[in-house]
Protein chains: 2
Amino acid sequence: MVTVAVDAMGGDYAPDEIIQGCLDALKKNNEVSVKLVGKQDIINKVLGERAPGKDDYDKNRLSIVDASEIITNEEPPVAAVRSKKDSSIVLAMNLLKNNEADAVISAGSTGALLVGGQLIAGRIKGVHRAPLAPLLPTACGVSLLIDCGANVDARPEHLIQFARIGSIYMEKMLGVNSPKVAIVNIGAEEEKGNALVKETFPLLKSCSDINFIGSIEAREIPRGGADVIVCEAFTGNVILKLYEGVGATLLEKIKGAFNEGFLTKIGALLVKNSLKKALKDFDASNYGGAPLLGLKGLVVKVHGNSKANEVSNAIAQCIDFKKSGLNELIKESMENNWSR
Amino acid sequence: MVTVAVDAMGGDYAPDEIIQGCLDALKKNNEVSVKLVGKQDIINKVLGERAPGKDDYDKNRLSIVDASEIITNEEPPVAAVRSKKDSSIVLAMNLLKNNEADAVISAGSTGALLVGGQLIAGRIKGVHRAPLAPLLPTACGVSLLIDCGANVDARPEHLIQFARIGSIYMEKMLGVNSPKVAIVNIGAEEEKGNALVKETFPLLKSCSDINFIGSIEAREIPRGGADVIVCEAFTGNVILKLYEGVGATLLEKIKGAFNEGFLTKIGALLVKNSLKKALKDFDASNYGGAPLLGLKGLVVKVHGNSKANEVSNAIAQCIDFKKSGLNELIKESMENNWSR
């Protein structure tokens, strides 16, 4: 049995869609139990509306953890996590810490999740920093972008760990054999880069447990040039957000072109379905939540605009995580490479 | 009269398209003269093919500067600029240095242009670093991304100068009144960011000659959130190349969707023209070359795949540059803010 603590109060469609996602997941998977963390009366009301029947869900596998507070996206994360002890995010992290949950899912404040994950749940022994590592869609599948979190100005030893952790994730969770690892750089040659990249490059090259293929220029990322894209969190954040931004603006332009006249509107109708499918493949929000790795347990940040389907997918991701023994493998890797 | 030295040997379509671009520009503008720098016999051969008639171009405004060597994209820039004294790029930079040209245009090695610009042409007094500053297409026009060059690991005083130089460029060359300046960051709040951004933010805020609007997240760049996007060159390089990469991959996906079946092909025909126009607006290569600013003269790097039209546009850009008195304004700004 895998136990997932779900923040019922975070995200644009909370609590309704979050709770619906949990109900869907319970139906799909017999091996999961869910702890809904949030305002009890609100959760009960939604459950009463969405699953009024006696057998609508397995009541043995769904429980509520009452939380009187909510951390919003606007609050400074560190202060919020410290002061709001009874918030849904803090209580969910406590469940992880106390082994009462294997994983935490939230569509709420990314900052609070990062802080709560490190301060409350805690890191696996040997892990310097817990990286946030979303999957990016590419021309030929997905790549793991590690790190996109809030801990900027990383040192080389952090990036080495990101490469190791990312490799294990792609191999065990996505079945990629000997994942290709690359470091984000401004040129393909070894002598290129800023001080951090120059210092990290030879260290990555010397890691026998990583399939390091060298530098990757940002242009090659959407083409699927590597399975694991290693970078410092500031750079990762820029990459992740620009991915979204360029895609969204380009789609606006395309929509505008489709609406230009009568004939273009007819044309748009004819290509619509095929186009929708193609673009869905390239939508970063379609690849489950972004895992925060290297913690005791798994923390999954799902997009703020997630609906039931994304939440249910993230729960499935948590089941895979537990089954894969990912954290044991990360722990082992840290022990084998303790000096780095 | 504005004199432009054009590297006839750099780029995917050199020398034919480069020379054609010069011939077109000479026809369009009476106030420009061109110095074609490259292998004399090759240039003469192309001129003979493209403009065989006696009056095909004004021979008083076109001259050839013979260069026996070519710097390729594959060569390490510093070594290449130092050793290939008779290369087209080095000779063109010498023309700038000796006031025999007002500007240099090349579709060749970006690295060699950056090195040659700084080492040979030299910087305006007071300028710490010469930034490469391309225009990025946005939902509502263009923004200047400054710096995307090769000088990474900038210090706060460099970013302040980029903000000043970028503001002057957008105001004088693009007619933007009091350009909005923003610094690339991972959040909108002042306390967010890496060490460099945190240190630079209050300094930018205190500059009375800049319309500083604060941080910009990468997601907002394609939406046109600011006129001048200030960042360190590593970040700028990632932004520029990811812009291209995401756009190109997305367009591949769209093409695939259009070719899926009979009806989608019909639909594609109906939207084709309208779509082409919309996407052309969003193609970074359509906004002239990327200027390398802060040098004695102007150096314009045009895209490696530039054809005659881009070269001719870049020559027009050089005329505007000279007319606007841009370098005098940059010089003045550096003098007025010498302590920074």
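Descriptive notes on the structure:
Residue-by-condition table, conditions (1) at pLDDT below 90; (2) touching a Phe, Trp or Tyr at 6+ places or on another chain (Cβ under 9 Å); (3) assigned to a helix (DSSP H, G or I):
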| site | (1), (2), (3) |
| --- | --- |
| A:Ser274 | yes, yes, yes |
| A:Val299 | no, no, no |
| A:Asn305 | yes, yes, no |
| A:Ala314 | no, no, yes |
| A:Cys318 | no, no, yes |
| A:Glu328 | no, no, yes |
| A:Met334 | no, no, yes |
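- Residue in the stretch A:215-224 that is more than 7 Å from chain B (Cβ to nearest Cβ), in contact (Cβ under 8 Å) with a residue 60 or more places away in the chain and either among the small types (Gly, Ala, Ser) or surrounded by 22 or more Cβ atoms within 10 Å (Cβ to Cβ) (or both) present: yes
- Number of the condition not met by B:Ala188 [criteria: (1) at positive phi; (2) in contact with a strand residue (DSSP E or B) (Cβ under 6 Å, 6 or more places away or on another chain)]: (1)
- The set of residues in the stretch A:177-195 that are crowded, with 19+ Cβ neighbours inside 10 Å and modelled with pLDDT of 95 or more comprises A:Pro179, A:Lys180, A:Val181, A:Ala182, A:Ile183, A:Val184, A:Asn185.
- Per the conditions (1) within 12 Å of chain B (Cβ to nearest Cβ); (2) crowded, with 24+ Cβ neighbours inside 10 Å, the sole criterion not satisfied by A:Lys265 is (2).
- Scanning the stretch A:159-209 for residues that are part of a helix (DSSP H, G or I), farther than 23 Å from A:Gly141 by Cα and in contact (Cβ under 8 Å) with a residue 60 or more places away in the chain gives A:Leu159, A:Ile160, A:Gln161, A:Leu203.
- Subset tally (residues that are under 11 Å from the mean Cα position of the chain (by Cα) and over 19 Å from B:Ile160 (Cβ atoms)) for the stretch B:115-136: 3
- Cβ separations smaller than 6 Å between residues 6+ apart or across chains give the following pairs from the stretch A:75-101 residues that are within 14 Å of chain B (Cβ to nearest Cβ) to residues that are open to solvent by less than 30 Å² (accessible area, probe 1.4 Å): A:Pro77/A:Gly111; A:Pro77/A:Ala112; A:Pro77/A:Val115; A:Val78/A:Val115; A:Ala80/A:Ile71; A:Ala80/A:Ala112.
- Residues (open to solvent by 10 Å² or more (accessible area, probe 1.4 Å) and more than 10 Å from chain A (Cβ to nearest Cβ)) located in the stretch B:196-213: B:Glu199, B:Phe201, B:Pro202, B:Leu203, B:Lys205, B:Ser206, B:Ser208, B:Asp209, B:Ile210, B:Asn211, B:Phe212, B:Ile213
- So B:Glu310, is it touching a His at 6+ places or on another chain (Cβ under 8 Å) and not polar (S, T, N, Q): yes
- Candidate set: the stretch A:228-260, residues that are more than 7 Å from chain B (Cβ to nearest Cβ), not β-branched (Val, Ile, Thr) and not in a helix (DSSP H, G or I); chosen: the one most open to solvent (accessible area, probe 1.4 Å): A:Asn259
- Checked against (1) in a helix (DSSP H, G or I); (2) out of contact with any helix residue (DSSP H, G or I) (no Cβ under 6 Å at 6 or more places or on another chain); (3) hydroxyl-bearing (Ser, Thr, Tyr); (4) under 29 Å from A:Gly149 (Cα atoms), B:Ser143 passes all but a single condition, namely (1).
The values are calculated or read from the model by the stated rules, or taken from the named source; none is laboratory data. As the structure is a computational prediction, the values presented were derived from the model and not from experiment. All Cβ positions, glycine included, derive from the backbone under ideal geometry; neighbour counts span all protein chains shown. The area values use the complete protein model at the heavy-atom level, side chains included, leaving out ligands, DNA and RNA. Shrake-Rupley method; radii C 1.70, N 1.55, O 1.52, S 1.80 Å.
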